[in-house]
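K.L.:
Before we start, here is the structure in question, set down as structure tokens.
The values are calculated or read from the model by the stated rules, or taken from the named source; none is laboratory data. What you see is a predicted model, and the numbers here were worked out from it, not measured in a lab. Here the Cβ positions follow ideal geometry from the backbone for every residue, glycine too, while neighbour counts run over all protein chains shown. SASA here: full protein model, heavy atoms, side chains in, ligands and nucleic acids out. Shrake-Rupley method; radii C 1.70, N 1.55, O 1.52, S 1.80 Å.
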Amino acid sequence: MKVLVTGGLGYIGSHTCVQMLNAGMEPIIVDNLCNAKIAVLDRIEALTNIRPQFYQGDIRDETFLDDVFSKHAIQSVIHFAGLKAVGESVAKPLEYYDNNVNGSLVLARAMRTAGVKSIIFSSSATVYGDPESVPITESSSVGATTNPYGRSKYMVEGCLTDFYQSQPDWSVTFARYFNPVGAHPSGTMGEDPQGIPNNLMPFIAQVAVGRRDKLSIFGDDYATPDGTGVRDYIHVMDVADGHLVALNRVGQKAGLHIYNLGTGKGSSVIEMLDAFSQACGKPVPYEICPRRPGDIGACWASTEKAEKQLGWKATRSVLEMTADTWHWQSKNPQGY
Ligand code: NAD
Ligand code: UD1
């Protein structure tokens, strides 16, 4: 199966491409390298013995996309490409809406031109905002987003929903990721944030490897067992596998399909820190700081729908998430 993978050299995209190649699928990668390095392509090749077809270009360039579609008999699209830093989105909302919303619209138009009617869109648990209750199901209310990044994801879901209503023979899937972490177990691929990491796991990893002094824990006064924020961390390899299952199960089935990709289990910041210390064999220094604006206390996924309808469930433990992150970070202290 030939699948166009936008943002395929990014963190989640690259792991998904490896799993696709291992399963005999053919990813055709499009990436403008605004947040990825070309070295990722070599790592994918080293792991799979296959160098996937790669086109460097921007999804907002319709002529470029038309050209890629004309060269391959593409059956489906997995759409990872986008900007994802919450703080940056507050400073640069126009850039975020242009890349994430406009980029998705241009992509959908190029798909329509090419007659490709199947898309899996990388959405986020951020569309649920501060949940009324946990676990969060796919029918929990959405839209109370607190920043331009989150709003851009919600807007793309809205645009693609309207588009699907007009084209009911399409297969449109929203994969709402919770907190993807971890790395390929080989230690050759992982998350490589530019600048100071915004997210918990890459920050802990950079403290452990000596690139940063200590972790700031943003608040210990939430209504959670130890007071620190609770999230549903999911191994990036599980996220990758979830895409393969979605492609096979609903990728060719007309409909609007919405799935949470999480584990169904929440872990606190302190629990993640403890697990990481165990993985790297030393304590990771931290200090308690005030809450981060816009943060919520606790959030984790209901996994029932994905289990029932896709027959899919995340299998990797928190210890594997931290061990694989450490393996990657310690082998590649400066990233790619
Ligand atoms: P990433 O930044 O590592 O990957 C995104 C890739 O898209 C990068 O390689 C980047 O160069 C490319 N890209 C960005 N804009 C592009 C454009 N206009 N044209 C072509 N390529 C472009 O991010 P990731 O963590 O792999 O996330 C993938 C997707 O999943 C994103 O849409 C993100 O919003 C979503 N998501 C991620 C998380 C997470 O925690 N990582 C959580 C929820 C949702
Ligand atoms: C963040 C984004 C969310 C995005 C997701 C995945 C915010 C408000 N939300 O989610 O929109 O979809 O990343 O990219 O940024 N923490 C610390 N110290 C740190 C970093 C984090 O204590 O240095 C804590 C946070 O307060 C939180 C937990 O760790 O309780 C997880 O944080 P993070 O990894 O940033 O993910 P989210 O906040 O869930």
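K.L.:
Do the conditions hold for V245, that is, is it open to solvent by 20 Å² or more (accessible area, probe 1.4 Å), touching a Phe, Trp or Tyr at 6+ places or on another chain (Cβ under 7 Å) and away from ligand 2 (no atom under 16 Å from the Cβ)? Please lay out each step first, then the result.
P.N.:
Numbers: open to solvent by 20 Å² or more (accessible area, probe 1.4 Å): yes; touching a Phe, Trp or Tyr at 6+ places or on another chain (Cβ under 7 Å): yes; away from ligand 2 (no atom under 16 Å from the Cβ): yes.
The answer is yes for V245.
K.L.:
S139 versus (1) over 17 Å from the mean Cα position of the chain (by Cα); (2) part of a helix (DSSP H, G or I): which is the lone unmet condition?
P.N.:
Checking S139 against (1) over 17 Å from the mean Cα position of the chain (by Cα); (2) part of a helix (DSSP H, G or I), the one that fails is (2).
K.L.:
State yes or no: is S152 in contact with a Lys or Arg (Cβ under 8 Å, 6 or more places away or on another chain), small (G, A, S) and touching a residue at least 24 places away in the same chain (Cβ under 8 Å)?
P.N.:
Details: in contact with a Lys or Arg (Cβ under 8 Å, 6 or more places away or on another chain): no; small (G, A, S): yes; touching a residue at least 24 places away in the same chain (Cβ under 8 Å): yes.
Considered against the rule, which asks whether it is in contact with a Lys or Arg (Cβ under 8 Å, 6 or more places away or on another chain), small (G, A, S) and touching a residue at least 24 places away in the same chain (Cβ under 8 Å), S152 comes out as no.
K.L.:
Moving on to the next point. How many of the residues in the stretch 101-127 are assigned to a helix (DSSP H, G or I), open to solvent by 10 Å² or more (accessible area, probe 1.4 Å) and not hydrophobic (A, V, I, L, M, F, W, C)?
P.N.:
So the count comes out to 5.
K.L.:
Follow-up question, since we're still on this one. I'd like to check something: does the stretch 309-316 contain any residue that is among the small types (G, A, S), away from ligand 2 (no atom under 11 Å from the Cβ), more than 24 Å from V245 (Cα to Cα) and surrounded by 16 or more Cβ atoms within 10 Å (Cβ to Cβ)?
P.N.:
No, the stretch 309-316 contains no residue that is among the small types (G, A, S), away from ligand 2 (no atom under 11 Å from the Cβ), more than 24 Å from V245 (Cα to Cα) and surrounded by 16 or more Cβ atoms within 10 Å (Cβ to Cβ).
K.L.:
Which of the residues that make up the stretch 197-236 are surrounded by 20 or more Cβ atoms within 10 Å (Cβ to Cβ), part of a loop (DSSP other than H, G, I, E, B) and near ligand 2 (Cβ under 8 Å from one of its atoms)?
P.N.:
Selection gives T228, G229.
K.L.:
Which of (1) within 12 Å of ligand 2 (Cβ to nearest atom); (2) open to solvent by 30 Å² or more (accessible area, probe 1.4 Å); (3) in contact with a strand residue (DSSP E or B) (Cβ under 8 Å, 6 or more places away or on another chain) does V239 not meet, given it meets every other one?
P.N.:
Here V239 meets the rest and fails (2).
K.L.:
If you don't mind, there's one more thing I want to ask. Six or more apart or on different chains, Cβ under 7 Å: which pairs go from a residue in the stretch 92-104 that's under 16 Å from D162 (Cα atoms) to one that's within 9 Å of ligand 1 (Cβ to nearest atom) and among the small types (G, A, S)? Could you list them?
P.N.:
V101/S152
K.L.:
Moving to a separate point now. Given the residues Y177, Y154, which is the only one that is open to solvent by 40 Å² or more (accessible area, probe 1.4 Å) and within 13 Å of ligand 2 (Cβ to nearest atom)? Before you say what the answer is, go through the steps one by one.
P.N.:
Details: Y177 fails: open to solvent by 40 Å² or more (accessible area, probe 1.4 Å).
Answer to the check: Y154.
K.L.:
Are any of the residues in the stretch 181-196 of a type outside the set (D, E), within 16 Å of ligand 1 (Cβ to nearest atom), assigned to a strand (DSSP E or B) and in contact with a helix residue (DSSP H, G or I) (Cβ under 9 Å, 6 or more places away or on another chain)?
P.N.:
Yes; the residues of the stretch 181-196 include at least one that is of a type outside the set (D, E), within 16 Å of ligand 1 (Cβ to nearest atom), assigned to a strand (DSSP E or B) and in contact with a helix residue (DSSP H, G or I) (Cβ under 9 Å, 6 or more places away or on another chain).
K.L.:
Of (1) within 20 Å of the chain's Cα centre (by Cα); (2) open to solvent by 10 Å² or more (accessible area, probe 1.4 Å), E287 satisfies all except one. Which?
P.N.:
(1)
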